Each structure stands twice: as structure tokens, then as C-alpha cells.
1. Looking at the chain, do any whole DSSP H helices span at least 24 angstrom along their long axis by alpha carbon and average 0.5 or above on Kyte-Doolittle, and which?
2. Please get the size of the charge dipole for the stretch 271-315, origin at its Cα centre, with Cβ charges of +1 on Lys and Arg and -1 on Asp and Glu, quoted in debye to the nearest 20.
3. Just the C-alpha atoms of the stretch 291-336: what Rg/Rh do they give, with Rh taken as the Kirkwood radius?
4. Given R₀ = 45 Å, what would the calculated FRET efficiency be for residue 348 paired with residue 188, taking r from the Cβ atoms and rounding to 0.05?
5. I want the local charge near residue 319. Using Cβ-Cβ distances under 12 Å, sum +1 for each Lys or Arg and -1 for each Asp or Glu among the other residues.
6. Can you figure out the FRET efficiency of residue 42 with residue 214, using R₀ = 25 Å and their beta-carbon distance, to the nearest 0.05?
7. Treating the beta-carbon of each Lys and Arg as +1 and of each Asp and Glu as -1, no other charges, what is the dipole magnitude of the chain about its Cα centre, to the nearest 20 debye?
8. Taking 56 Å as R0, compute the FRET efficiency from the Cβ-Cβ separation of residue 297 and residue 181 and round it to 0.05.
Amino acid sequence: MTIDDAPRDALRGGPRELLRWVATGAAVSRADLSRLSGLSPSTVSQRVEALINQGLLEETGAGRSRGGRRPRQLAVPTGGAVVGAIDLGAHHARVGALDLSGRVVRARTLPVRIEDGPESVLGTLLAEVATLVGSDSAAGDSVPGALRGVGIGIPGPVQHATGRIVSPSRMPGWNGFDVAAFCAGRVDVPVIVDNDANLMALGAHRTAHPELDHAIYIKAGTGIGSGVISSGRLHRGAQGSAGDISHCRVVADPAPPCTCGNAGCLEAVASGAALVTALREQGVPVSDLTGVIRLIDDGDRQATALARQAGRAVGEILAVVVNFFNPQVVAIGGRLADCEPLLASMRATLYERCLPLATQTLLIERVAAGQDVGITGAAHLVIDHVVAPA
Ligand SMILES: [Zn+2]
């Protein structure tokens, strides 16, 4: 074992890991868990019993016999809408009810006016969670007893320990708002708040590459951010700002002004909002990111040039991150991930600027999990918390 492997190894056989092995099908019995964890059968049995008592694992039927008594099979209870999830975006929110394996049971997309402020927006979305988990209670009522927790993704910086929003762009009235405290007053289950890029990273990692330990996920939509998976776990850093690449400086002439007060930030060059602004300044009548993407798909010259410039800027920052962090996979999600010229320039810049050793086996891909990736990540945050509360 290298020093580098230590954090993950220390968790070997912890309740979260046992649960994840069962959820992913890597283990179906106590014997499997004992073999995978290296723990004694009695320790595994103790932990499994505790998980069964918490309702997080169940025993189903009998497994395949190897001569003696047929072993009972372990499974994560599926089908119950027991985890609430909200993935808040600039104009829409995806709200879902998921089961303990992180599978979506019910979900819907709601239009959102972020400028209506946190009380109004979050109140509406929590009421929707209550509806989706099967309650008829009115907004503000407690959600039903089956609910284990609610995970919420915010499109701005979130101080992880407190669940408070700190200096978000394009979210008037949200600065300093304590999302966790507001929600805790409305639902009597744990509420976990994180930024949207972290939720995407967690959702994509758990569904596409749970076997890879080091990964970077870029979320490129109206804003731009990233989530970091290090040694198999979401890396938040000291305050929760790890992965926030939005105000890293890129080469741009002229350097466009950024909402943070500086100029030439990645967000001011490569985010969806920046593309809308730049096209308008060139006299192209476009009102939102959907319009920009349509222009790029239609091969519009100005929009395509801006998308290429954005891709180079993302690649430039990503090259620093890849050289520094040496991930196994870099995946891009969000609405701009389908934008081919952006992706092509990002990829080219990344290869040009990275050490050969860093890119030799590096996977560069799109996040494949679709529109539910954020709520899936939110559900995993809740499930991890329920298994081992902080
Ligand atoms: Zn900035």
C-alpha cells in the first residue's frame, strides 16, 4: 500500500462500502462482503445486522447453495421513494424521489425564476419533493415518515459545513442564505446541500465509473464549475470550494469583465451566460443558452467561433488541473457538453498542454447519465449520510 492509498484503505469494510458493494452487485452475501473487505465473518455480520436494522439492507430468498445450507441473499431495498433530491439550475430545477440504491422512482422538471429568491424557490421545490415521495401535505408540512433525507444542489458556491451560499453569480438575493437551516425548518429529516457540480460529479462517478478512484467532472451550462473525485470520494477541500474553476484566469484578449469584479475569468469567457453576452455584443439577437446552442448546431459562424474559444479556455484550465491532479477520467456534462466545437477544442488544448504521462491513459468523455445525474448525486449524498452521519 502506498501512502496515497491510505485514505481509501482506512475505510475498507466501513458500512458505506459494504452497502455500496451490495448496491452495485459486487456482493450478494455476507461471505462476499467478508472476502471483499478482508474483515472477519463476525465483524461483517455485525455491520450487516446494523444496516438491516436501519432498513438500508434486506435479505431476500436464498442464494445458490454450495453443498450446505443455502445462504440468504443481501439486497438494497429498491422501489421505495424514500430519498428526496433537488437539482436547482438557473431557469429549471429537476426534482426527484429516489430509492436507497440511488435509482430514480419519480422525477420532474419545473421552471424556476431564481430571482424570486430562496424562500419562494426552495418552498416550491420542497413541496414538490413532498408530492413526489407520495405525500398530499401542503407546502410547509413535514414530509412523510418514509423519507430518509433530502439532497439539494445549488448553482453557486456552498460552504459545505453550514450549507450556506457564499457570493453566487446570477443569484440575486441568495448570498449568505442558509439553505440547510431554511429547509430543516420545513422537513424533519436531514437536508444536505452542495453545489451542482459536486452533485453531478458524484452522480456520474457512482453510475459510470465507480471503479475509478480519481476523476474530474466539468459542468458547463449557464455557469461553469467542476467536481473532484479523489481516492474514490468527493473532494470538497477545507470550506467546500474545491473544484470551483469559474474564476480561474484564462488567456483572452480583450479580457471580458466577470461578475466577481475581475476580468478574464473562465466563467466570463466559457460559460453559457458568457456566450449569450458575447453574441449579443456582436449584434446577434439571442436571449438564452438554448438559442446559443441552436445557432451552434446550425453552424452559425460567430457562435461556432465563440464555442471554440470557450473550449480552448476550458482546456487551458483543465490542463493545469490534469497535470496537477493526474485523474483517470475527465468528463464534461451540462448543456454545453453536447456542443461539438467546444468539446473538440477542449480536447485538443488538453492534449497539447498536458504531460504525456498525464494523458497516456486518460479517458476524456461526456457525462452520460443525462438529466437525472444531479438528483442521482443528491440521493447518494443523502444515502452516504444516512449510513454514516457526519
Ligand atoms: Zn470571476
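1. Details: long enough: 301-325 (35 Å, 0.65).
Span-like helices here: 301-325.
2. Rounded to the nearest 20 debye, it is 160 debye.
3. 1.10
4. Taking R0 as 45 Å, the efficiency between residue 348 and residue 188 is 0.30.
5. Neighbourhood net charge equals +1.
6. The pair residue 42/residue 214 has a calculated efficiency of 0.15.
7. 1080
8. Working: r = 43 Å, r/R0 = 0.76.
Using R0 = 56 Å, I get an efficiency of 0.85.
Every number here is computed from the coordinates shown, using simple stated rules; none is lab data. Everything numeric here is computed off the predicted structure, so don't read it as measured data. Because the Cβ atoms are built from the backbone with ideal geometry, glycine has one as well, and the counts that use them run over all protein chains shown.
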